[in-house]
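A.B. asks: Pasting a structure here, questions to come.
The values are calculated or read from the model by the stated rules, or taken from the named source; none is laboratory data. Since the model is a prediction, treat every value here as computed from it, not as a measurement. FYI the Cβ positions are ideal-geometry reconstructions off the backbone, even for glycines, and counts take in every protein chain you see.
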Amino acid sequence: MSFSPVRLNHAVLFVADLERAEAFYTDALGMEVVTRVPWAAAAFLRLPRSGNHHDLGLFEVGPAGGPRRRGTVGLYHLAWQVDTIDELADARRVLLDAHAYTGESSHGATKSVYGADPDGNEFEIMWMLPREAWGDYERDAPVDPLDLAGEVARWHGVATAGTVTAGPAPVRVADPT
């Protein structure tokens, strides 16, 4: 017997310093703080174009918690989807500017850049090809080098995230490379 959720609604992270984590996610991902819960040392944040109540919860545990390391049991990363390849290029520049960029790759049907927050929590920012372009990637997810400039040239302006809630227009950053 099973059940079938529609999608992941939100993620919750334990962080060493709530204020520092809030600043990172509001500055780098443009999130807004929906509410703070002082008695729990927590905050709930929403993406600017999300129709969700909150997309991320942050709970302060102090510096003793420390980040998980690759190869240990637990969450590896969160993946945030953007609507266009242009937004992925912008995300790369923002992560580089924030000294949070950790890499990039092509997974065939998805194109990704990676980063880490101040606590070392890893995340992926990804854009998905239009479904009709998946081809052989329907059942494959390679890890190949990403030619972001080439992907921007090919897919510029193609939106694939489905319905997004009206919100502020994404801030465009110059030069995707």
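A.B. asks: Restricting attention to strands (runs of 3 or more DSSP E) lying wholly within the range 4-61, give those where 2 or more residues are small (Gly, Ala, Ser).
C.D. replies: Because the criterion is at least 2 residues that are small (Gly, Ala, Ser), the strands (runs of 3 or more DSSP E) in the range 4-61 that meet it are 42-46.
A.B. asks: Which one is surrounded by the most Cβ atoms within 10 Å (Cβ to Cβ), of the residues in the range 94-128 that are in contact (Cβ under 8 Å) with a residue 40 or more places away in the chain, among the small types (Gly, Ala, Ser) and under 25 Å from Gly157 (Cβ atoms)?
C.D. replies: So, considering only residues that are in contact (Cβ under 8 Å) with a residue 40 or more places away in the chain, among the small types (Gly, Ala, Ser) and under 25 Å from Gly157 (Cβ atoms), the one surrounded by the most Cβ atoms within 10 Å (Cβ to Cβ) is Gly115.
A.B. asks: Answer yes or no as to whether Thr35 is under 26 Å from Thr160 (Cα atoms) and free of Cβ contacts under 8 Å to residues at least 24 places away in the same chain.
C.D. replies: When the stated conditions are applied, Thr35 does not pass them.
A.B. asks: Select, from Asp136, Asp90, Asp83, the only residue that is surrounded by fewer than 15 Cβ atoms within 10 Å (Cβ to Cβ) and not assigned by TED's automatic domain parsing to the domain that holds Arg20.
C.D. replies: Asp136
A.B. asks: Restricting to the range 1-30, what's the tally of residues that are out of contact with any Pro (no Cβ under 9 Å at 6 or more places or on another chain) and either loosely packed, with under 14 Cβ neighbours inside 10 Å or at pLDDT below 85 (or both)?
C.D. replies: 12
A.B. asks: When you scan the range 74-177 for strands (runs of 3 or more DSSP E) that lie fully inside it, which ones turn up with 3 or more residues that are modelled with pLDDT of 90 or more and of a type in the set (S, T, N, Q)?
C.D. replies: Hits in the range 74-177: 101-106.
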